[in-house]
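Report on one structure; see the data block that follows.
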Amino acid sequence: MSNKMPQISESEWQVMKVLWQNPGLTAAQVSDEVSKENDWSSGTTRTYLRRLVAKEALRFERDKNDSRIYYYYPIISETEAIEHESKSLLGRIVKGKAGIVLASLIKDSDLTPEDINELESILNQRRDEEQ
């Protein structure tokens, strides 16, 4: 994969979420999953799969017994994609006001105890780096 993180559209995110949860699905299986929330045709889903392969966000493998069947796998992790989108959003919209945005997001989020521990750890690390 190239060093540049691909730009993923909102619709492509829906396809990626399915494959992050269930890597190795066929196009038909991905289409079945995304159709639970969208009224996309299987052709639309296949178009998004092709775009994501071209963007190097997904890769595919052909079925050994039927070369018409492809299995799709994420190349980029969900964490990498979220981190990239977060940085992009902060850079474009809030420019230096990250604390306000983060505080707002935290207040409005359902955080698990593990999430809170991770956030505390990150904040403590940042505090130590600044001192």
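Throughout, read-outs are computed from the coordinates displayed, never taken from laboratory work. Remember, it's a predicted structure, so these values are computed and weren't measured experimentally. All Cβ positions, even for glycine, are placed from backbone atoms using ideal geometry, and neighbour counts span all protein chains on display.
Structure summary
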{"item": "Sequence of Lys17, Lys87 once ranked by neighbouring C-beta atoms within 10 Å, starting from the fewest", "result": "Lys87, Lys17"}
{"item": "Cβ-based net charge around Leu19, under 10 Å, with every Lys or Arg adding one and every Asp or Glu removing one", "result": "-1"}
{"item": "Net charge dipole size for the chain [Lys, Arg +1 and Asp, Glu -1 on Cβ; Debye, nearest 20]", "result": "740 debye"}
{"item": "Angle in degrees between helix 113-130 and the longest Cα principal axis of the chain, rounded to the nearest 10", "result": "60 degrees"}
{"item": "Residues whose placed amide H lies under 5 Å from that of Leu58, excluding near-sequence neighbours", "result": "Val53, Ile75"}
{"item": "Degrees between helix 42-54 axis and first principal axis of the chain (Cα, 0 to 90, nearest 10)", "result": "60 degrees"}
{"item": "Under 5 Å, built H, 5+ apart or other chain: amide partners of Leu25", "result": "Tyr72"}
{"item": "10 Å binning of all Cα-Cα separations within the chain, expressed as whole percents from 0 upward", "result": "11, 32, 29, 20, 7, 1, 0"}
{"item": "Student exercise, the range 10-74 dipole from Lys, Arg, Asp, Glu Cβ charges, in Debye to nearest 20", "result": "260 debye"}
{"item": "Computed lengthening from Glu80 to Ser11, 0.36 nm per intervening residue step minus Cα-Cα distance", "result": "23.1 nm"}
{"item": "Per-residue ³J(HN,Hα) for the range 83-95, Karplus 6.51 cos²θ - 1.76 cosθ + 1.60, θ = phi - 60°, Hz, x for Gly and Pro", "result": "4, 4, 5, 5, 5, 4, 4, 4, x, 7, 9, 9, 5"}
{"item": "Members of Lys4/Lys87; Lys4/Lys97; Lys36/Lys107; Lys17/Lys55; Lys4/Lys55 lying beyond 21 Å, as alpha-carbon distances in this model show", "result": "Lys4/Lys97; Lys36/Lys107"}
{"item": "For peptides 113-120, 32-39, sequence by mean Cβ density within 10 Å, most packed first", "result": "32-39, 113-120"}
{"item": "Principal axis box of the range 10-74, alpha-carbon based, largest edge first, Å", "result": "31, 21, 20"}
